[in-house]
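The values are calculated or read from the model by the stated rules, or taken from the named source; none is laboratory data. Small disclaimer: the values here were computed from a predicted structure and weren't measured. Note: ideal-geometry Cβ built from the backbone for every residue, glycine included; neighbour counts use all protein chains shown. Surface accessibility is based on the protein's heavy atoms, side chains included, excluding ligands, DNA and RNA. Shrake-Rupley method; radii C 1.70, N 1.55, O 1.52, S 1.80 Å.
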Amino acid sequence: MHNKKILTLIIAGALGVTGCNSDDNSPIITPTVELRVLETSDIHTNIMDYDYFKSKEDQTIGLARTASVIHAARTEADNHVLVDNGDLLQGSPMGDYMAKIKLEEWNGEHPAYKAMNTLDYAVGNIGNHEFNYGLDFLKQAVDGANFPYISANVFCKIDNCYDGKMKDQPLFSPYLIIEKQVTDTNGNNHTLKIGYIGFVPPQIEQWDRAHLNGKVYATGIVEAAEKYVPQMKAEGADVIIAIPHSGIGSTTAPADVSAENATYALTNVEGIDAIMFGHSHAIFPHASYADLPNTDIEKGLLNGVPSVMPGRWGDNLGIVDLTLTKTDGKWNVVDSRAESRPIYDGANKKH
Ligand code: MN
Ligand code: MG
């Protein structure tokens, strides 16, 4: 009898049984889902492993190389989604070439999307450099993406500023809630509503004044998050992934409302479950950030929020692993970790 009880407890533990249903005495199973979120950022038109300045192969850069790490990271996880943080369309001679000479001849199909469209991205975020060649080019280029774009803090200053958007309307969806079929640790299927929200430094107004002046304005990153994250929750998002094209910035609240780098400040916004950030071309988690307040570089937690910044030019893949359990009909993140995985040995020593 004693042994049988122990065996029952062991089985209950393996199934995630946490109690009994009072009506029929059947066990209540708490489903557990492991969700892996993958991120590319600051690719800067480094699609192939090729240095256009030197006209030769360079195995330390390029989305073609990151793709191998994406495939490997996917095989390790039952459930995964991939996002891009932005600063995609400018930064190598190929980017300038496509913007100024060849996009028309390619029927608008930018090579960045020709590559990315093979990788099953869930969403893309708009980086500051996406505005470098003007709004017409941006529209033509992103129309070639087979995944949607988000940006929560960029708005039209006039009617028809971008893609028929009217005054005070956002140029892109501020956020998206996308249903994802996932499998729990017992092999049962669930539909997870994953909310994605993206941000860009409001400094785009100055940096690309020639293209944006009188047409587009940007609001503060934290301000946009505080406006939209509760809305996402109200609309049923089970988990919220923030994708700020923004570095860590000030670690002391309150952050400057117009801060270029506001990722640490975003960790204080209630409801954000993971932050896939970028813009600074650095690596997080990384030993160089060990002294930041309330930061766990072993687990990749920034003020308790799993966060990752995967370098630049495709040299790293950002990975956040979330463990979610469902209690009383509500999914909660109960454990998490973050990792920036380099595409070649020793890559992150250079950062
Ligand atoms: Mn960049
Ligand atoms: Mg940037």
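Here are Asp159, Asp143, Asp163, Asp136: which of them is within 29 Å of Ala274 (Cα to Cα) and surrounded by fewer than 19 Cβ atoms within 10 Å (Cβ to Cβ)? Let's see the steps before the verdict.
Numbers: Asp159 fails: within 29 Å of Ala274 (Cα to Cα); Asp163 fails: within 29 Å of Ala274 (Cα to Cα); Asp136 fails: within 29 Å of Ala274 (Cα to Cα).
Testing whether each residue is within 29 Å of Ala274 (Cα to Cα) and surrounded by fewer than 19 Cβ atoms within 10 Å (Cβ to Cβ) leaves just Asp143.
Please verify whether Leu82 is among the aliphatic types (A, V, I, L, M) and within 14 Å of ligand 1 (Cβ to nearest atom), treating the condition exactly as stated. Walk me through it before giving the result.
Details: among the aliphatic types (A, V, I, L, M): yes; within 14 Å of ligand 1 (Cβ to nearest atom): no.
Judged against the criteria, Leu82 is not a match.
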* Asked: Among all residue pairs at least 6 apart or on different chains, which show Cβ distances below 9 Å where the first residue, located in the range 79-92, is more than 15 Å from Thr45 (Cβ to Cβ) and the second is buried (at least 24 other Cβ atoms within 10 Å of the Cβ) and of a type in the set (Asp, Glu)?
  -> Leu82/Glu39; Val83/Glu39
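Can you tell me which residue within the range 273-307, out of those that are of a type in the set (Val, Ile, Thr) and under 15 Å from the mean Cα position of the chain (by Cα), is farthest from ligand 2 (Cβ to nearest atom)?
For the range 273-307, the residue satisfying everything is Val305.
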* Structure fact -> Given (1) open to solvent by 30 Å² or more (accessible area, probe 1.4 Å); (2) within 16 Å of ligand 2 (Cβ to nearest atom), Gly86 misses just (1)
* Single condition Ala210 does not satisfy, out of (1) closer than 21 Å to Val83 by Cβ; (2) open to solvent by 10 Å² or more (accessible area, probe 1.4 Å) -> (1)
* To do: State all residues of the range 317-344 that are open to solvent by 10 Å² or more (accessible area, probe 1.4 Å) and either over 21 Å from Lys233 (Cα atoms) or among the acidic types (Asp, Glu) (or both); if no residue qualifies, say none.
  => Asp321, Asp328, Asp335, Arg337, Glu339, Ser340, Arg341, Pro342, Ile343, Tyr344
* To do: Might you check whether a residue that is open to solvent by 20 Å² or more (accessible area, probe 1.4 Å), of a type in the set (D, E, K, R), out of contact with any strand residue (DSSP E or B) (no Cβ under 8 Å at 6 or more places or on another chain) and over 21 Å from Asp136 (Cβ atoms) occurs anywhere in the range 44-54?
  => yes
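Per-residue answers, yes or no, for (1) open to solvent by 10 Å² or more (accessible area, probe 1.4 Å); (2) away from ligand 2 (no atom under 16 Å from the Cβ); (3) at pLDDT 95 or above:
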| site | (1), (2), (3) |
| --- | --- |
| Tyr149 | yes, no, yes |
| Phe155 | yes, yes, yes |
| Asp168 | yes, yes, yes |
| Leu171 | no, yes, yes |
| Leu176 | yes, yes, yes |
| Phe199 | no, no, yes |
| Glu205 | yes, no, yes |
* **Tabulated pairs, the range 166-182, first free of Cβ contacts under 8 Å to residues at least 40 places away in the same chain, second part of a loop (DSSP other than H, G, I, E, B), C-beta under 6 angstrom, 6+ apart or interchain** => Met166/Asp159; Lys167/Ile158; Lys167/Asp159
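What is the residue count in the range 174-209 for residues that are within 23 Å of Val229 (Cβ to Cβ) and acidic (Asp, Glu)?
Narrowing the range 174-209 to residues within 23 Å of Val229 (Cβ to Cβ): 174-180, 182, 190-204.
From what's left, acidic (Asp, Glu): 179.
Qualifying residue count for the region: 1.
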* When you scan the range 112-169, how many residues do you find that are more than 20 Å from the chain's Cα centre (by Cα), polar (S, T, N, Q) and within 17 Å of Pro202 (Cα to Cα)? -> 2
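If you check Lys326, Lys299, which single one turns out to be touching a Lys or Arg at 6+ places or on another chain (Cβ under 6 Å) and at pLDDT 95 or above?
Lys299
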* Residue list for the range 213-227, filter: surrounded by fewer than 21 Cβ atoms within 10 Å (Cβ to Cβ) and either part of a helix (DSSP H, G or I) or not assigned by TED's automatic domain parsing to the domain that holds Ile275 (or both) -> Glu223, Glu226, Lys227
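Just a yes or no: is a residue in the range 111-126 open to solvent by 50 Å² or more (accessible area, probe 1.4 Å) and closer than 17 Å to Leu38 by Cβ?
Going through the range 111-126, the residues open to solvent by 50 Å² or more (accessible area, probe 1.4 Å) turn out to be 114, 118, 120.
If we keep only those that are closer than 17 Å to Leu38 by Cβ as well, we get 118, 120.
Looking through the range 111-126, at least one residue is open to solvent by 50 Å² or more (accessible area, probe 1.4 Å) and closer than 17 Å to Leu38 by Cβ.
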